Amino acid sequence: MKLLDRVDPGGDNRYYEEAFRTMLEDHMTFLRTSSNTRLETVDSQLSYIYEGDLFGLLLKMGFKRNMHWVIMRVNNLKSPFDCDDKLTTLLVPSEADLIEISSTYNNILVTED
């Protein structure tokens, strides 16, 4: 097996686009308060092990790479280094809500063309 075949592709590329992230920032209040957003418990051992490494913690918890930045921002963190050993829960936005925002983003792109 080639090394490139083992690399995690990182999910939907849209989540790395500055314009889409701006749109997500505009919807943070919605994502934080949506009834579809769930509260995920973080094991205290993991929060200690991954102190200062939110993205490593999220990988260990099984979240796709494209969700890391969104989860970070929904939890009012500005950097993956802001994660400390006192982190006990994470807000995790629903895929349905993100798809809805993504659809709106796509419609804006189509309208602009």
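The figures follow:
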{"item": "Of all residues making up segment 25-62, the number that are among the β-branched types (Val, Ile, Thr) and either in a loop (DSSP other than H, G, I, E, B) or over 16 Å from Thr88 (Cα atoms) (or both)", "result": "4"}
{"item": "Hits in segment 9-67 (condition: surrounded by 14 or more Cβ atoms within 10 Å (Cβ to Cβ), free of Cβ contacts under 8 Å to residues at least 12 places away in the same chain and on the phi > 0 side of the Ramachandran plot)", "result": "none"}
{"item": "Unique residue being touching a Phe, Trp or Tyr at 6+ places or on another chain (Cβ under 9 Å) and modelled with pLDDT of 90 or more when the list is Ser102, Ser34, Ser79, Ser44", "result": "Ser102"}
{"item": "Selection count where residues are surrounded by 14 or more Cβ atoms within 10 Å (Cβ to Cβ), among the acidic types (Asp, Glu) and part of a loop (DSSP other than H, G, I, E, B), scope segment 68-105", "result": "1"}
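The values are calculated or read from the model by the stated rules, or taken from the named source; none is laboratory data. Fair warning: this is a prediction, and the values are worked out from it, not measured in the lab. No Cβ is skipped: glycine too gets one built from the backbone with ideal geometry, and neighbour counts run over all protein chains shown.
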